[in-house]
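Worksheet: the structure to be examined is printed underneath.
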Amino acid sequence: MTDATAASVHASAVMVADRAVLIRGPSGSGKSRLAFDLILAGRTGQIPPAVLVGDDRVHLAVHGHHLVVRPAPQLAGLIEIRGLGIRRCAFTAEAVVGLVVDLAAQDAERLPSPETLQALIHGVRIPRIPVESGFSPLPLVVAALTTTEGTETGSLSDDCAKGISNHMGPSIATE
């Protein structure tokens with residue numbers, strides 16, 4: 001897919017460090033709220049610095065093996081903040097998508113299967129977080145960005161007196 005055929009989708013995106021979090025969901029599900037929460041979390045140091053890519057409508061295109069997100073030109077630098085209206089903020093012109101968050105996801109589970117933790121968008125496989133309606137997505141996204149997957153097998157460290165493993169394996173946080 002080239003820039004000329006980039007798909008416009010109803011979503012928001014925020015670049016955290018060097019990868020974008022693409023936020024999808026039905027109208028009123030909290031896409032703009034999560035986008036702004038991520039920007040604030042970046043400002044307070046909970047996650048790496050975060051900047052808006054686009055709110056409400058973004059364009060997706062495949063470049064090589066990456067999915068790239070750009071703001072819709074007419075909405076670039078604008079974000080809806082409930083109670084304040086449409087506001088201007090800093091934004092970036094493009095970012096590579098590294099995580100997809102699906103709000104009001106029908107397949108959200110307490111302990112999701114590995115298959116539900118992946119999205120395939122225009123042939124590109126990307127880590128995914130399905131979030132059920134009524135559940136705050138910010139802690140899940142912060143956890144995905146700042147932790148790694150636990151291991152089901154393997155030996156516990158000798159210094160782990162309680163036998164509880166806190167030694168992490170690779171995931172999207174280290175890729």
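Quick note: the coordinates plus some simple rules give every number you see, no bench work behind them. What you see is a predicted model, and the numbers here were worked out from it, not measured in a lab. So basically every Cβ, Gly included, is an ideal-geometry build from the backbone, and we count neighbours across all protein chains shown.
How do T146, T92, T44, T116 line up, fewest other C-beta atoms within 10 Å first?
Numbers: T146 12, T92 18, T44 7, T116 15.
Going from sparsest to densest Cβ surroundings: T44, T146, T116, T92.
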Checklist entry - Hey, got the Cα dimensions of region 3-146 along the principal axes, in Å, largest first? => result 38, 36, 28
Checklist entry - For region 1-61, what does the alpha-carbon gyration tensor say about shape, rounded, prolate or oblate, given a ≥ b ≥ c as the root eigenvalues, a/c under 1.5 as rounded, and a/b over b/c as prolate? => result oblate
Checklist entry - By its C-alpha gyration tensor, with a ≥ b ≥ c as the square roots of the eigenvalues, how is region 26-88 shaped: rounded for a/c under 1.5, else prolate for a/b larger than b/c, else oblate? => result oblate
Item to check | Amide H within-cut-off set for H63, under 5 Å, with H built and near neighbours excluded | outcome: V68
